[in-house]
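Below you'll find the structure, written out as structure tokens, and then a few comments.
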Amino acid sequence: MTTKKTREQTIGVEFSRGPKAFFERKKAATRTMIVSPDIKTNSLSLAAFEARFEEFGALARSIRLKILAHDKISVRELKPATFFGTGQVEKLAEKFAENDVELVLIDAVLTPIQQRNLENKTGVKILDRTALILEIFGERAVTREGVLQVELAHLNYQRSRLVRSWTHLERQRGGFGFLGGPGETQIEADRRQLRTRIASLEKRIEKIRKTRAMQRKPRDSVPFPLVALVGYTNAGKSTLFNLLTGAEVSAKDQLFATLDTTVRKVDLPHKKRIILSDTVGFIADLPTDLVSAFRATLEEVVLADVILHVRDISNANHEAQAKEVMGVLASLGVNADLVPIIEVWNKIDLLGEGGIENLNAKPSGTIASSAMVSSTNGQGIEELLEKIETILAKGNRIFEVKVSHSSGQEASWLYSFCEVLEQGEPTEDQTIYSVRVAPRHMDGFLEKFSDNIL
């Protein structure tokens, strides 16, 4: 005879499978309240807090939820057990009950214990900032690679949350062999299944990484430098990408519109060709597991010859957003002293009359150059392309090299992998070429022509 599960137990079962199972279980939009803690020890300015408040609201509205309210709560001291103070938790519980709230989103990174205790004391499901971002990524991932990466990040997050917070995890069950010995608890079985699935996903993503590396080899053998677009989510990267390439990458006015990397060829003003790569947007408190899971995709950034850091200069919090992006780049091993970074100050069309003249923006770190553009109306795009071309040329060297008429393959190599500045008049047995050689092709050039350099 089975007993009827309580609402709390049912929600617990759903969430042991992850947030997505909870949302899929419900046909109607989930009744949700948003809580943005104003943590006094963070020393955020009022403008910075308001920007984060609006951003978290936009995150919540980007998935199917019925938002009942978005409250600000002043937090003077973080409580290790419940995050909020006892009185605040009691008031929240009363408000949730009065409004029949099913889900609460809290703009903070909660520990497993804090999440469990808040759920127990309020009787509703709690999602922190990390879980919400994971849910959004889960909805937006399109390619098989993106889906695997999001699932891996989600399972790593869930593994830390498998604490004894719901009664269904206390059940004992029998078993034998590799399925688990007698008396194994459900939580132990859940943990083992998580470890198995995580190991499987890591192997599949590693296989994708190796395949990507193999596919990249032929691209590395052509003379097209790689230029990667990075930036805070909704900074306008995909709109800029579409403008430069004529592509039709999704460029909606929403957070995390792009999760899967797209690459296209672009011609610079003097006909030099580059490969432009659009990447996933970053955000404050981007889950570490997501950065790790998307590392295979973000290799386009790590291996770039030039990075375009797109900043939404019309956003009041653009300086803090830029610092978040630079922090993620540093965590990926990107060294601004070695890889030139151009800051693209985007959305200047939204600054209004006199906005550009009164703009008081500062670079977010070590950069090679900056450019003010509008990816909507094309303002400043030609200047940006010229700066890309100039920076790419800085590391190049010019050589004069003689090529024998009998070595047709060598002349072909020069045209394929170098920029031929001038071809001299052919003599009886050879032709002299003036060529510009990029660092990425210097080893190949010297190997072929070291004896023929003039």
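For the reader, a short list of remarks on this structure follows.
- Contact map, segment 320-339: first residue free of Cβ contacts under 8 Å to residues at least 40 places away in the same chain, second residue surrounded by 18 or more Cβ atoms within 10 Å (Cβ to Cβ), Cβ cut-off under 6 Å, separation 6 or more or different chains; pairs are Met326/Ser364; Val339/Ile307.
- For the residues Val302, Val310, Val266, the requirement of being surrounded by fewer than 21 Cβ atoms within 10 Å (Cβ to Cβ) and within 15 Å of Leu240 (Cα to Cα) singles out Val266.
- Selection within segment 395-409 - touching a residue at least 40 places away in the same chain (Cβ under 8 Å) and closer than 25 Å to Asp305 by Cβ: Gly395, Asn396, Arg397, Phe399, Glu400, Val401
- Criterion violated by Ile342 - all others in (1) touching a strand residue (DSSP E or B) at 6+ places or on another chain (Cβ under 8 Å); (2) over 21 Å from Gly395 (Cα atoms); (3) of a type outside the set (S, T, N, Q); (4) outside any loop (DSSP other than H, G, I, E, B) satisfied: (2)
- Considering only residues in segment 337-361 that are under 21 Å from Asn234 (Cβ atoms) and of a type in the set (D, E, K, R), the one that is surrounded by the most Cβ atoms within 10 Å (Cβ to Cβ) turns out to be Glu343.
- Hits in segment 327-361 (condition: touching a Gly at 6+ places or on another chain (Cβ under 8 Å) and of a type in the set (S, T, N, Q)): Asn346
Each reported figure results from applying straightforward, stated rules to the coordinates on display, with no laboratory input. Just so we're clear, the structure is a prediction, and the values are computed from it rather than from any experiment. FYI the Cβ positions are ideal-geometry reconstructions off the backbone, even for glycines, and counts take in every protein chain you see.
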